[in-house]
Amino acid sequence: MKSKSRRIRCQDLVAVSGAYLLMLFAWLGIYLATGDRFTIIGLLNFVAIFLFVPLALVLFVAITCRSMWLGFGFIIGAAALIWFWGDLFVPRINQDSSGEPTLSVMTYNVLAWHNQYGPILETIRAENPDVLLLQELNNGLADILQKDLIDVYPYQVLDPVDNPTGIGVISKFPIQPSEVTLPQLWAGGPQVLDLDWNGEQITLVNFHMFPTTGVWPLDEVDRSIRFREQEARILAGLANQSESSIMGGDANTTSLSDSYKTITSILTDAYRSAGFGLAHTFPGSTIPGSDRPHIGRLYVPAWVMRIDYVFHSEDWITYSARTAHIDGVSDHRGVIVELAKKK
């Protein structure tokens with residue numbers, strides 16, 4: 001009797017596991033064939049890593065119920081997981097930057113809808129980057145940057161707005177607006193600046209790409225995805241025209257998107273090159289104005305996706321890359337990287 005009931009339980013578990021694998025492989029096949037072409041797939045790509053979480057249960061069922069085909073399904077799923085994100089967990093060999101001039105660059109979406117500037121300033125001082133790319137810069141924070149940080153960051157190009165379109169760059173090295181202008185498709189900026197670093201002119205871009213603000217209506221979701229694809233082509237085109245470039249900001253998309261692939265076909269994702277771990281940067285804070293999704297009073301878990309990046313041209317090498325201190329105010333975590341010129 002126990003044996004019969006165990007067989008029934010195994011049949012049910014194998015059936016459920018098989019249904020999950022079919023759905024996972026359906027997403028995987030459509031994604032590999034079409035990328036972000038279909039809006040639903042584009043939405044799933046935001047949280048695709050979580051589609052693989054039930055694989056652990058599939059392995060348990062495969063072993064417990066001695067199901068060979070579930071075992072093969074697990075192997076295929078695990079291989080896809082490693083293919084997409086496995087390189088982020090390969091131990092990095094710390095490169096010795098002693099004697100080499102390095103440039104630290106940080107991108108930081110500071111959330112426009114608040115006036116809690118203390119934690120933001122504390123984070124900036126603690127991280128102390130050479131160049132700081134700010135998104136969602138409001139007038140209050142811009143005033144404080146000009147007042148309290150001008151000694152450390154004498155070069156500031158700020159375009160504050162009291163909504164998420166504000167943007168700005170502060171730097172320890174000379175910066176000035178470039179003559180290059182880009183089409184206005186963005187959530188903020190973009191700023192195209194000339195950075196003078198040790199006598200070299202670097203094209204510096206601070207961007208805030210068009211957001212996806214919900215899962216419905218689908219035509220609005222699709223519109224946001226196509227806008228980001230246009231923006232990615234613009235950034236890649238500018239990188240092609242520049243001898244040396246560093247671009248960073250809030251891309252509002254993950255590494256599985258076609259937008260990301262377009263940018264990284266020309267530029268290097270600094271974190272992917274030298275960082276360790278998933279380094280999810282969004283969403284965090286739940287203060288009023290935050291974009292962390294919620295149903296009633298129940299918020300989605302924090303830090304479920306990586307959407308903030310620093311990219312650079314191939315003449316640079318990334319010595320280190322990590323997420324910045326969590327300030328408790330912004331719904332983003334900053335990303336800070338240390339770069340040097342290739343010999």
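No value in this document is a laboratory result; all are computed from the given coordinates. Since the structure is predicted, the reported quantities are computational estimates derived from the model, not experimental observations. Neighbour counts are summed over all protein chains in view; Cβ atoms, including those assigned to glycine, are modelled from backbone coordinates with ideal geometry.
Amide H contacts of residue 281 (H built 1.01 Å from N, in plane; Pro and chain starts excluded): 305, 306, 307, 308 sit under 5 Å, all sequence-distant by 5 or more or on other chains.
Here segment 103-341 is assigned +1 on the Cβ of each Lys and Arg and -1 on the Cβ of each Asp and Glu. Its dipole about the Cα centre then comes out at about 620 debye. Listed here are the pairs 261/342; 261/341; 172/261; 147/341; 147/261; which of them are more than 28 Å apart at the Cα? Over 28 Å apart, Cα to Cα: 172/261; 147/341; 147/261. Hey, of (i) 147; (ii) 132; (iii) 160, which did the structure itself give for volume of the Cα convex hull per residue in Å³ when calculated? Checking each listed value against the structure points to (iii). Rounded to the nearest Hz, the phi-derived 3J(HN,Hα) couplings of segment 269-277 under the Karplus curve 6.51 cos²θ - 1.76 cosθ + 1.60 (θ = phi - 60°) are 6, 4, 5, 4, 6, 9, x, 9, x, where x marks glycine and proline. Here each label is just a point 7 Å from Cα along the line to Cβ, and for residue 200 and residue 90 those points are 2.4 nm apart. Axis of helix 117-127 versus longest Cα principal axis of the chain: the two differ by about 90°, to the nearest ten degrees. Extension gain, residue 295-residue 81: 0.36 nm per intervening residue step, less the Cα-Cα distance, totals 74.1 nm.
Other residues within the sphere of radius under 10 Å centred on the Cβ of residue 123, judged by their own Cβ, net out at -1 (K and R +1, D and E -1).
Taking 0.36 nm per residue of separation and subtracting the Cα-Cα distance, full extension of the segment from residue 181 to residue 261 would add 26.5 nm. The angle separating the long axis of helix 55-64 from the principal Cα axis of greatest extent in the chain is about 20 degrees. Taking only Cα atoms and a 10 Å spring cutoff, compute GNM fluctuations for the chain and point out the largest among 257, 67, 245. Per the Cα network of the chain with a 10 Å cutoff, 67 tops the list. How far is helix 218-241 tilted, in degrees, relative to the longest principal axis of the Cα atoms in the chain, given as a value from 0 to 90 rounded to the nearest 10? Tilt of helix 218-241: around 50 degrees. Counting every pair of alpha carbons in segment 144-289, the share spaced more than 28 Å apart comes to 24 percent. Database remark: amide H of residue 166 closer than 5 angstrom to the amide H of 136, 137, 161 (H placed geometrically; neighbours at sequence offset of 5 or more, or on other chains; Pro and chain starts carry no H).
Calculate the FRET efficiency for residue 128 and residue 314 from the Cβ-Cβ distance with a Förster distance of 25 Å, rounded to the nearest 0.05. So the FRET efficiency works out to roughly 0.40.
A Förster radius of 25 Å combined with the Cβ-Cβ distance from residue 325 to residue 113 puts the calculated FRET efficiency at roughly 0.75. Here the gap between residue 102 and residue 173, fully extended at 0.36 nm per residue and compared with their Cα-Cα distance, gives a gain of 24.3 nm. Residue by residue, segment 251-258 carries 3J(HN,Hα) couplings of 8, 6, 7, 9, 6, 8, 7, 5 Hz when phi is fed to the Karplus relation 6.51 cos²θ - 1.76 cosθ + 1.60 (θ = phi - 60°); x denotes Gly or Pro. Label separation (residue 19 vs residue 149): 5.2 nm, computed from points 7 Å beyond Cα along the C-beta direction. Each distinct pair of alpha carbons in segment 46-118 adds a 1/r term; the inverse of their mean, the Kirkwood radius, is 17.0 Å. Among the trypsin sites (Lys or Arg not before Pro) in segment 86-193, those located in a DSSP loop and surrounded by at most 15 other Cβ atoms within 10 Å of their own Cβ are 92. Neighbour counts of C-beta atoms inside 10 Å place 250, 151, 258, 143 in the sequence 151, 143, 258, 250, starting with the fewest.
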